[in-house]
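Scroll down for the structure; my scribbles are underneath it.
The values are calculated or read from the model by the stated rules, or taken from the named source; none is laboratory data. Since this is a predicted model, take the numbers as computed values, not measurements. Because the Cβ atoms are built from the backbone with ideal geometry, glycine has one as well, and the counts that use them run over all protein chains shown. Remember, those area values only see protein heavy atoms, side chains included, never the ligands or the DNA or RNA. Shrake-Rupley method; radii C 1.70, N 1.55, O 1.52, S 1.80 Å.
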Amino acid sequence: MPVKQQIGIVISNKMDKTIVVKVENRYSHPIYSKTLVKTNKYLAHDESEQSNIGDQVLLHECRPLSKRKCWKLVEVLSKSSLIS
């Protein structure tokens with residue numbers, strides 16, 4: 001079974017070894033053909049605390065690490081230009 005992957009943007013890194021990632025899913029409405037955006041927020045484990053707000057990151061699904069955290073940070077795809 002393949003591992004589920006998500007690409008998203010970090011919106012919070014204030015917790016210890018945990019980040020909040022926003023993942024956008026764009027799809028076309030079946031009747032009206034308007035492009036809609038569905039946004040999900042995921043808690044992800046960041047062992048080395050290498051990501052900052054605004055970074056684009058790759059997540060892999062893993063076993064549950066807490067009540068809401070079942071994603072793990074694999075790599076930072078692009079760094080943010082924001083100064084933090």
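Could you pull the accessible area for Met15 with a 1.4 Å probe, rounded to 10 Å²?
Solvent-accessible area, nearest 10 Å²: 90 Å².
Could you state how much accessible area Arg68 has, in square angstrom rounded to the nearest 10, with a 1.4 Å probe and all protein chains kept in place?
We get 150 Å² for Arg68.
Accessible area of Ser66, 1.4 Å probe, to the nearest 10 Å²?
Answer for Ser66: close to 60 Å² accessible.
By accessible area of protein heavy atoms, probe 1.4 Å, what ranking do Tyr27, Tyr42 get, highest first?
Descending order: Tyr27, Tyr42.
With point charges of +1 on the Cβ of Lys and Arg and -1 on the Cβ of Asp and Glu, referenced to the Cα centre of the chain, which listed residue (Pro30, Ala44, Pro64) lies farthest in the positive direction of the dipole?
Pro30
Given a 1.4 Å probe, how much area per residue of the chain is accessible, in Å²?
Heavy-atom SASA per residue in the chain reads 74 Å².
Using a simple charge model, +1 on the beta-carbon of Lys and Arg, -1 on the beta-carbon of Asp and Glu, nothing else, what dipole does the range 5-78 show about its Cα centre, in debye to the nearest 20?
440
Ordering Leu82, Leu58, Leu77 by accessible area with a probe of 1.4 Å, largest first, what comes out?
Output order, biggest surface exposure first: Leu82, Leu77, Leu58.
Quick one: with all protein chains in place, what share of the accessible area of the range 5-78 is carbon or sulfur, to the nearest percent (1.4 Å probe)?
Percent of accessible area from carbon and sulfur atoms in the range 5-78: 47.
Only one of the listed values, (i) 3, 15, 24, 22, 14, 10, 7, 4, 1, 0; (ii) 3, 14, 26, 27, 18, 8, 3, 1, 0, 0; (iii) 3, 11, 8, 8, 7, 6, 7, 5, 6, 5, 5, 5, 4, 4, 4, 3, 3, 2, 2, 1, 1, 0, 0, was derived from the coordinates as P(r) over Cα pairs in 5 Å bins from 0, in percent; which label is it?
It is the one labelled (i).
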